[in-house]
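K.L.:
Starting off with a structure, shown below.
Just so it is clear, none of the values below were taken in a lab; they were calculated from the coordinates. Bear in mind the structure is a predicted one, so any value in this text is a computation, not a measurement. Methodologically, a virtual Cβ is constructed for each residue, glycine included, from the backbone with ideal geometry; neighbour enumeration extends over all protein chains shown.
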2 protein chains.
Amino acid sequence: MKFENYFPIWNQLTADQKNRTQKGLITRKVEKGTLIHNGNMDCTGLLLVKSGQLRAYILSDEGREITIYRLFDRDMCLFSASCMMRSIQFDVTIEAEKDTEFWIIPTEIYKSIMEESAPVANYTNELMAARFSDVMWLIEQIMWKSLDKRVASFLLEESSIEESDKLKLTHEAIANHLGTHREVITRMLRYFQSEGMVKLSRGTVTILNKEKLEHLQNV
Amino acid sequence: MKFENYFPIWNQLTADQKNRTQKGLITRKVEKGTLIHNGNMDCTGLLLVKSGQLRAYILSDEGREITIYRLFDRDMCLFSASCMMRSIQFDVTIEAEKDTEFWIIPTEIYKSIMEESAPVANYTNELMAARFSDVMWLIEQIMWKSLDKRVASFLLEESSIEESDKLKLTHEAIANHLGTHREVITRMLRYFQSEGMVKLSRGTVTILNKEKLEHLQNV
């Protein structure tokens with residue numbers, strides 16, 4: 001499958017814009033765990049995921065993390081090209097959560113096309129609005145949901161992504177997704193285990209009772 | 001002062017677009033405390049503030065609030081027209097924090113111009129990116145800053161907006177800005193008072209020692 005099949009507004013580009021995009025495109029393949037973009041590095045460019053999974057997160061001064069969104073096949077990442085817009089005044093870090101193949105559209109090329117093309121600018125607007133919705137959802141979670149519900153939701157989400165009840169996840173990794181400390185997650189998972197919802201073993205959380213987790217999430 | 005002096009890309013509209021905008025414009029003047037838009041109401045339209053102050057916040061199911069951004073003279077609000085973009089999947093409530101004059105650009109008119117105009121679409125992108133930056137800042141505050149620092153920052157911000165050290169603010173109002181409970185704010189302000197940073201009286205917080213508050217904020 002080619003780039004044009006993944007980029008939803010390809011047909012709305014002019015011949016010249018298609019040409020400029022094709023010429024600038026970079027293809028990359030990275031292993032799970034690779035840091036693709038971090039706030040302090042140069043403006044990487046826009047990322048379009050061909051296959052795999054990326055995680056965008058922010059870091060505190062003390063090194064704490066919280067996931068702000070995840071990207072899957074066909075998703076596009078704007079904030080790895082934050083220099084594209086003067087009003088983007090925050091930094092995200094992006095790492096591969098699985099082996100991932102993606103294209104990079106260099107910032108300058110995308111920016112110049114966006115400035116002249118209403119369809120590209122409107123597409124960019126929709127992308128940003130989708131991420132904005134993710135982040136607003138996150139604020140609601142942090143503000144109004146207790147941590148037990150957030151952990152339950154996260155385990156159910158992971159299980160749905162992995163299509164498995166056996167999740168290879170350290171307590172540290174869960175803490176980094178949810179913006180809390182490992183010790184807090186360990187305590188919560190032990191409570192889940194005592195309630196028969198999960199079974200814990202080294203580096204693995206196995207979901208035993210999905211209904212009970214769903215109930216907890218929705219109470 | 002006319003609308004065209006407040007709308008920064010007026011000169012980039014075509015004659016027809018200017019005409020459609022002018023014809024649709026609604027001018028409104030509301031008193032402090034007026035609810036201008038709430039998530040469940042219809043798609044109000046884009047708001048451009050002529051003078052005054054608006055607050056955008058979200059509400060929990062239990063009625064708790066947290067301020068996500070504020071708008072001042074010449075600021076434009078997109079999310080009161082959230083039906084404009086399919087990817088905006090959250091609701092904000094907007095109320096006047098002071099007597100406020102503003103224009104409403106009806107959603108359909110703005111949307112149709114944005115779809116055909118690269119400058120308008122790019123301007124909208126910058127607006128959304130600016131709000132996105134506000135919200136990312138908020139997440140960092142909620143996640144990594146303790147409440148004493150957030151209260152100190154809020155009092156200093158208010159003092160700067162009002163150009164006064166005497167702030168007419170109930171503890172309830174501060175709690176609603178910061179997404180916490182009134183009792184928590186009361187306890188914190190009493191601590192600030194015992195440290196000589198503020199003086200409390202009915203409905204008023206007076207800043208006595210700005211340097212100490214700034215120090216607390218930055219520690």
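K.L.:
Any idea how far apart A:Glu211 and B:Arg86 come out in nm if each label point goes 7 Å out from Cα toward Cβ?
P.N.:
3.7 nm
K.L.:
Report, as an integer, the average count of C-beta atoms from other chains found within 10 Å of each Cβ along A:85-94. Let's see the in-between values first.
P.N.:
Values: counts 8, 3, 10, 8, 7, 9, 1, 1, 0, 0.
For this peptide, the per-residue mean of nearby foreign Cβ atoms is 5.
K.L.:
Something else about it: Nearest 500 deg cm²/dmol is fine: what mean residue ellipticity at 222 nm does chain B get from its DSSP H runs of n ≥ 4 alone, each adding -39,500 (n - 2.57), divided by its residue count?
P.N.:
Values: 8 runs with 97 residues, N = 219.
Calculated mean residue ellipticity at 222 nm is -14000 deg cm²/dmol.
K.L.:
Ok, one more. Could you pull out every Cys in chain A that lacks a partner Cys with its beta carbon under 4.7 Å away?
P.N.:
By the Cβ distance rule, which asks for a partner under 4.7 Å, the isolated cysteines are A:Cys77.
K.L.:
In peptide A:131-144, what is the residue-averaged number of other protein chain Cβ atoms found within 10 Å of each Cβ?
P.N.:
Values: counts 3, 13, 6, 3, 6, 10, 2, 4, 9, 6, 0, 6, 9, 8.
Per residue, the number of nearby Cβ atoms from other chains is 6 on average.
K.L.:
Shape call for the protein assembly as shown from the C-alpha gyration tensor, a ≥ b ≥ c root eigenvalues: rounded (a/c under 1.5), prolate (a/b greater than b/c) or oblate?
P.N.:
On the way: a/c = 1.86, a/b = 1.03, b/c = 1.80.
Verdict is oblate for the protein assembly as shown.
K.L.:
Right, another one. Cα centroids of the range A:46-70 and the range B:178-195: how far apart, whole angstrom?
P.N.:
Between the Cα centre of the range A:46-70 and that of the range B:178-195, the gap is 35 Å.
K.L.:
Another question, if that's okay. Where does each of A:Ile174, B:Ile139 land when they are ranked from fewest to most other beta-carbon atoms within 10 angstrom?
P.N.:
Details: A:Ile174 23, B:Ile139 18.
Ranking A:Ile174, B:Ile139 by Cβ neighbours within 10 Å, fewest first, gives B:Ile139, A:Ile174.
K.L.:
Continuing with the same structure: In terms of Cα to Cα distance under 19 Å, which lysines are near enough to A:Lys199, apart from those fewer than 8 places away along the same chain?
P.N.:
Of all the lysines, those that pass the test against A:Lys199 - Cα under 19 Å, at least 8 places apart if same chain - are A:Lys149, A:Lys166, A:Lys168, A:Lys210, A:Lys212.
K.L.:
Rank these for me by crowding, A:Arg64, A:Arg55, going from fewest to most other beta carbons within 10 Å. Display every interim value, and only then the final one.
P.N.:
Details: A:Arg64 16, A:Arg55 20.
Going from least to most buried by this count: A:Arg64, A:Arg55.
K.L.:
To continue, here is another question. Dipole magnitude of the range A:1-156 about its Cα centre, charges +1 at Lys/Arg Cβ and -1 at Asp/Glu Cβ only, in debye to the nearest 20?
P.N.:
Details: 19 positive and 21 negative charges, 64 e Å.
Dipole about the Cα centre, nearest 20: 300 debye.
K.L.:
Excluding same-chain pairs closer than 8 in sequence, count the lysine pairs in the range B:1-137 whose Cα atoms lie under 21 Å apart.
P.N.:
Count of close lysine pairs: 14.
K.L.:
Check A:Arg74: other-chain or 5+ apart residues with amide H under 5 Å from its amide H, H built from backbone geometry?
P.N.:
Hits under the 5 Å cutoff: A:Val49, A:Lys50.
K.L.:
Which ordering of A:Phe192, B:Phe7, B:Phe79 is given by a fewest-first count of other beta-carbon atoms within 10 Å?
P.N.:
Ordered by Cβ neighbours within 10 Å, fewest first: B:Phe7, A:Phe192, B:Phe79.
K.L.:
Taking beta carbons within 10 Å but only from partner chains, what does the mean come to for residues B:115-122? Spell out each step's value before the answer.
P.N.:
Numbers: counts 4, 3, 3, 10, 4, 3, 11, 12.
Mean shielding by partner chains, rounded to a whole number: 6.
K.L.:
I need the shape label for the range B:111-181. Rule: rounded when a/c is under 1.5, else prolate if a/b > b/c, else oblate, with a, b, c from the alpha carbon gyration tensor. Each step should come with its number before you reach the end.
P.N.:
On the way: a/c = 3.06, a/b = 2.12, b/c = 1.44.
It is prolate, given that a/c is not under 1.5 and a/b is the larger ratio.
K.L.:
Also, I was wondering about something else. Would you grab the residues whose amide H sits under 5 Å from the one on B:Leu167? Only those 5+ places off in sequence or on another chain, please, with H modelled 1.01 Å from N.
P.N.:
Long-range HN contacts for B:Leu167: B:Val205, B:Thr206, B:Ile207.
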